[in-house]
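These notes concern the structure reproduced below.
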Amino acid sequence: MRSALGAGVGGVQHFLLPFPSFRIANYSFNFCTPHKRTPTIGFLRCTAMATVIPAPVVQVKERIELTVTERNIFDRLLGTLRHFGLSNQLRVAGGWVRDKLLGKECYDIDIALDNMLGSEFVEKVREYLLSNGEQVQGVAVIPSNPEQSKHLETARMRLFDMWIDFVNLRCEEYSDNSRIPTKQKFGTAEEDAYRRDLTINSLFYNINTNTVEDFTKRGIADLKSGKIVTPLPPKATFLDDPLRVLRAIRFGARFGFILDEELKEAASCDEVKDALAAKISRERIGVEIDLMISGNQPVKAMTYICDLMLFPIVFSFPPEFEPSKSESCDRLCNAYLDATWNLIQLIGGSIFSDEQRRLSLYATLFLPFRKTIYKDHKAKKIPVVNYIFRESLKRKASDSETVINIHSAVDKFLSLIPFLASDGDIELIEVDWGRGLDDVPPTSKLRVLTGLLLREIKDFWRVALLLSTLLYPTDVDYTEDFLKQHFQLDKRKDLFKAVENAITELGLEKVWDVKPLLNGKGIMSVLELKAGGPLVREWQEKQLAWQLAHPSGAVEECLDWMKQTHSKRLKTE
C-alpha cells in the first residue's frame with residue numbers, strides 16, 4: 001500500500017499528480033469523457049471554444065421490427081377500427097419509434113389518435129375485446145393537470161401485460177409567462193410533430209400502414225447523424241416550453257449525440273434561462289435532473305448544464321449563505337462528478353446498488369458545498385445541500401438526509417483513513433470525535449470509531465469512503481488549484497480497496513445489525529437508575545463502544561464492566 005501511495009505524513013503515503021499547466025484565456029473547461037479514454041485516469045480536458053466535436057455515427061434501422069407482443073397489441077387496435085367501422089389513423093409517437101429505429105427495446109408505447117379522445121377509443125377497445133371473449137386487464141383515465149405539466153387527458157389500457165397510453169394529436173399555443181398552453185385543439189400529425197421537443201422525438205409509426213412517418217423531414221436524418229435539434233427554431237421552442245432545454249440535454253447525454261449550435265446558443269441566452277427559472281416548476285426540473293443523474297451519462301449531462309451556464313438556474317441557492325461560492329464552483333462540482341463516475345467504473349460498479357450509485361453522484365456533485373450553510377426563519381443553521389434538494393429540486397426528504405449524512409461521514413472517514421490504510425502499525429490515539437471513549441483501550445479504538453461510523457451511515461459506508469478517497473489527503477486546496485491537477489484514480493482505487501479490506505478484517509461488515517446486549521430498561525435496572533433520559537443514552541453509547549471493543553464479550557462481562565465503571569464514577573463524583 002505505501003509504495004503505491006508515495007511518501008506522506010505520519011507513515012501514511014499521500015499521492016498527488018500535478019496537471020500540466022495550460023492557458024486559461026479563451027478556453028472552456030470540459031469535464032467529460034473522451035471517446036477512447038483509459039478507464040484508470042479521470043482528467044480535465046481543455047478545448048478551444050471554436051472546436052467542433054464530430055457527430056457520432058449512429059446505426060439506424062431501415063424499418064421497425066415488431067415483437068410478438070407488439071404485433072398482438074397492434075392487431076387488437078386495428079381490430080377495434082374494423083369492428084366499429086372507424087377511420088382513425090393510429091400512430092405510435094415519440095420515444096418508442098426512436099428506440100426501435102436504434103435497435104433498442106422499448107416498453108413505453110404512446111398511441112396518438114387523429115380525431116378522437118383517448119378515453120373514447122379505449123372504451124371501444126374494451127368493448128371489442130369483450131365481444132371476442134378476451135379479458136380486459138385494466139383501464140384508467142388520467143385527467144389533464146396543466147399545473148403539473150400534464151396538458152392532455154391520457155387514457156391507459158393494459159394489453160398483453162403492457163400499459164399503453166392513448167392521447168389525441170394536438171396543436172398548442174402558449175402565453176408569454178407560462179408553459180401551459182392557452183389554446184389546445186385536435187391537430188394534424190404534422191402539427192403535432194412540429195410541436196414536439198426534438199426532431200428525433202417527432203417520428204411516428206403509423207400502425208395502419210406499418211410505416212415510419214417523418215413529418216419534419218429531418219427526424220431520421222438527425223437520428224442517423226447523432227444531432228439534437230428542435231423541429232422549430234430553438235429559441236421559440238424553448239420559450240414556449242423551457243423544460244425542453246433540460247430534455248435536450250438529457251437526450252443528448254443519453255445517446256451521446258451532439259447539441260446543435262443554434263440550440264446551444266438559444267439554451268444559454270438570458271431570455272431562455274429566465275423563462276426556465278420562471279415558468280417551470282421546481283418539481284419538473286428535479287425530475288429531469290434525477291433522470292440525468294440516474295442515466296448512463298451523468299457527467300456528460302452535467303457538462304452540458306455547465307457549458308450552457310444553467311448550473312445556477314438548476315441548482316439554486318438560498319438568498320444568503322456562507323461561505324460564499326466561487327465563480328468556478330460549477331466546474332469544480334462537475335470535476336468531482338467526473339472523478340467519482342470513473343472511480344466507480346474502476347472499482348467495479350456492481351458493489352453499489354442503483355440507489356447507492358445515484359446518491360453517491362449527488363453527494364459528489366455537491367461535495368464543494370458540504371460545509372456551506374444558511375439560516376432558516378428560526379435562525380437555525382441548515383446545510384445548503386438540504387435547500388438544493390428540498391427547494392431547488394423538490395426531491396424527497398430522504399435524499400437530502402442521506403447525502404448530508406454521507407458528507408458528515410466523509411469528514412470522519414478522512415480522520416480514519418491514515419490508520420485504516422497503515423497495515424495496523426499506527427496506533428490511533430488523538431481521534432475520538434468527542435464521543436467520550438476514555439474507557440476504550442488504545443488497541444481497540446480504531447475498531448470502535450470505525451464501527452460507530454458504519455453504524456451511523458449503514459449501507460452507504462462505501463459511498464462515503466469513495467468520496468473520502470477523492471479528498472485525501474486533506475492538506476490540499478481543492479479549489480482553484482484543482483484546475484491544474486488531475487486525479488490518479490488507479491491509486492485512489494488502491495486506497496479504497498485497502499480501507500475496505502481493513503474494515504472487513506476488523507469484522508465490521510453489517511455492524512449496524514449488531515444488537516445491544518442490554519436495552520434502556522436493562523441498563524436502568526443494572527445501574528439502579530430511577531429515571532431514563534440523557535444518562536441512559538450515555539450508557540447506551542458506552543455499552544455499544546464496549547461491544548465494539550470486545551466483539552466476543554458475553555453479557556456477564558458487560559454487566560461487570562458496567563457496574564465497576566458506574567461505581568468508580570459515583571465515587572469520583
Legend entry - Nonlocal Lys pairs with alpha-carbon distance under 16 Å, region 233-314 (8 or more apart, or different chains): 5
Legend entry - Label-to-label distance, nm, for residues given as Asp475 and Glu261 (7 Å Cα→Cβ offset): 5.0 nm
Inset, instruction - Amide H neighbours of Leu159 under 5 Å, at least 5 residues apart or on other chains, H built in the peptide plane: list them. - result: Ile164
Inset, instruction - Over region 520-571, with every protein chain in place, what whole percent of the accessible area is carbon and sulfur at 1.4 Å, could you tell me? - result: 53 percent
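So which GluC sites (Glu not before Pro) in region 297-374 end up in coil per DSSP with only 16 or fewer other C-beta atoms within 10 Å?
Taking region 297-374 and a limit of 16 other Cβ atoms within 10 Å, the loop GluC sites (Glu not before Pro) found are Glu320, Glu327.
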Inset, instruction - State the Cα centre-to-centre distance between region 339-412 and region 289-332 in whole Å. - result: 13 Å
Legend entry - Anchor Lys563: aspartates and glutamates whose Cα lies under 18 Å away (excluding residues fewer than 8 positions away in-chain): Asp438, Asp439, Glu528, Glu538, Glu541, Glu573
Legend entry - Environment charge of Thr80, counting only residues whose C-beta is closer than 13 Å and scoring Lys/Arg +1, Asp/Glu -1: -1
Legend entry - Karplus-derived HN-Hα couplings along region 197-212 (A = 6.51, B = -1.76, C = 1.60, θ = phi - 60°), whole Hz, x at Gly and Pro: 6, 9, 5, 6, 9, 9, 7, 10, 10, 7, 5, 4, 9, 6, 9, 8
Inset, instruction - On the protein heavy atoms, probe 1.4 angstrom, tell me the percent of accessible surface of region 233-314 carried by carbon and sulfur. - result: 50 percent
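Can you give the FRET efficiency for Lys224 and Leu130, using 1/(1 + (r/R0)^6), R0 = 35 Å, r = Cβ-Cβ distance, to the nearest 0.05?
Values: r = 44 Å, r/R0 = 1.25.
E between Lys224 and Leu130, to the nearest 0.05, is 0.20.
Would you mind working out the accessible area per residue for region 233-314, using a 1.4 Å probe, and quoting it in Å²?
Working: 2780 Å² over 82 residues.
Heavy-atom accessible area per residue stands at 34 Å².
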Inset, instruction - Between beta-carbons, use under 15 Å as the cut-off and find the net charge around Glu261, counting Lys and Arg +1, Asp and Glu -1. - result: -2
Inset, instruction - Treating cross-link reach as a plain straight distance, find the lysines whose alpha-carbon is under 17 Å from the alpha-carbon of Lys380, omitting any fewer than eight places away in the same chain. - result: Lys371
Legend entry - Pairwise label distance in nanometres, Lys375 with Tyr107, each label 7 Å out on the Cα-Cβ vector: 5.2 nm
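The values are calculated or read from the model by the stated rules, or taken from the named source; none is laboratory data. Predicted model only: the values in this text are computed from it and were never measured. Every residue, glycine as well, gets a Cβ built from its backbone with ideal geometry; the counts of neighbours run over all protein chains shown. These area figures cover heavy atoms from the full protein model, side chains too; ligands, DNA and RNA do not enter into them. Shrake-Rupley method; radii C 1.70, N 1.55, O 1.52, S 1.80 Å.
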